[in-house]
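In what follows, a single structure is set out as structure tokens and then discussed.
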Amino acid sequence: MPKASTQLVGQSPAFRKALQDAAVSAKQDAPVLVYGETGSGKGVLAEYIHRKSGRPGRLVSLNCASFQQNLFESELFGHMKGAFTGAVKDTPGLFEAAQGGTLFLDEIGDTPAEIQPKLLRALEDGVVRRVGGTKEIDVDVRLVCATNRDLKDLIGAGKFREDLFYRINSFVVTLPPLRERTEDLRELALFFLDEASNGVSHNLAVEAIEALERYDWPGNVRELKHLCQSLAALAPAPVIGRDDLPAEYREPGSHRDPSTIPWTERLADQLTTDLAGESDNLHERYKTELEQVLVRTALEQCGNNQSEAARRLGISRNTLARIINSV
């Protein structure tokens, strides 16, 4: 495995909790279910669990959303020569390839309904049968699954077997999205810049970091990695400033409809209008008091969940913490 892909960067409490849970689960042979949004790093966490497990076999991965049903079974369990058109030789599946190691099934919720009972049997009995074959093959495989969907919702919709869910649900690890761990953003960005820099040292100006912290990161860590690769290639100077960022990162939401602008911004605009012509000291005092009122209100509405409060207010968790600590 490439060294860079196995790195897990960040010190935020939510991320460290996920890493701690993964380390505990790694020492067991029971399946692990990783929840996380697309791009949050579920595959990297699966690599971490495999390394920590000490299992001598390989880590083998399959994205369950990327295969048609007629190919899925053959990919997972293998096939015999002549089992179907194009099957010109006996071919082992991923269960056999992962013998003694770890099988990572990404987007497990997209597993075809017809395959789910066969997957359940492989997990419960430790045997697989190739497509077109009659021989049962013993397999010793540790399963790690990942999903960005609520499997219980899929169970309710009849799209996922409840017995399979409980079989893969022995250990649950939840990866936070990047917008809930913005205190890790600078460390992550510098890591990705260094990874992509080809020996040229890059850094990020404070204004650039602050702009990135205000962005919502729908693509999570994967999106940040791709941005840093682009910045490393195109940035004109070693220190990347706010003006070097693409527009959507430099001024996130700058072209939004007014009805979608966070209410902190609308109130701040109104405050500026109301205090026009007043002294700077008065502006600052009212701004500070307004920030504190808004944060207290948001925290009450969110049950003191700081990540959710920051999201609703349209600010980073670091900014939220600053306002809280200033009270």
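The values are calculated or read from the model by the stated rules, or taken from the named source; none is laboratory data. Keep in mind that what you see is a predicted model, and the values were worked out from it rather than measured. A quick note on method: Cβ atoms are made from the backbone with ideal geometry, for glycine too, and the neighbour counts reach across all protein chains shown.
Once segment 27-82 is narrowed to residues that are among the aliphatic types (A, V, I, L, M) and in a loop (DSSP other than H, G, I, E, B), the residue that is farthest from R222 (Cα to Cα) is M80.
Taking the criterion of being among the hydrophobic types (A, V, I, L, M, F, W, C) and over 13 Å from the mean Cα position of the chain (by Cα), the residues of segment 172-187 that qualify are V172, L185.
For segment 104-153, filtering for residues that are assigned to a loop (DSSP other than H, G, I, E, B), within 24 Å of A83 (Cα to Cα) and touching a residue at least 24 places away in the same chain (Cβ under 8 Å) leaves 10. Just a yes or no: is a residue in segment 183-191 in a loop (DSSP other than H, G, I, E, B) and either touching a helix residue (DSSP H, G or I) at 6+ places or on another chain (Cβ under 8 Å) or at positive phi (or both)? No.
Restricted to segment 310-327, and to residues there that are in contact with a Ser or Thr (Cβ under 9 Å, 6 or more places away or on another chain) and in a loop (DSSP other than H, G, I, E, B), the residue that is modelled with the highest pLDDT is I315. Within segment 44-55, being out of contact with any Leu (no Cβ under 8 Å at 6 or more places or on another chain) and crowded, with 19+ Cβ neighbours inside 10 Å holds for I49, S53, R55.
Looking at this structure, is A237 part of a helix (DSSP H, G or I), at pLDDT below 90, surrounded by fewer than 21 Cβ atoms within 10 Å (Cβ to Cβ) and of a type outside the set (D, E, K, R)? Please lay out each step first, then the result.
Working: part of a helix (DSSP H, G or I): no; at pLDDT below 90: yes; surrounded by fewer than 21 Cβ atoms within 10 Å (Cβ to Cβ): yes; of a type outside the set (D, E, K, R): yes.
Here the answer is no, as A237 does not meet what is asked.
Residues in segment 89-98 that are under 27 Å from the mean Cα position of the chain (by Cα) and in a loop (DSSP other than H, G, I, E, B): A98 alone. Residues that are under 30 Å from A26 (Cβ atoms), of a type outside the set (A, V, I, L, M), out of contact with any strand residue (DSSP E or B) (no Cβ under 6 Å at 6 or more places or on another chain) and modelled with pLDDT of 90 or more do not occur anywhere in segment 195-212. Given the criteria aromatic (F, W, Y) and over 26 Å from the mean Cα position of the chain (by Cα), does F84 qualify? In short, yes.
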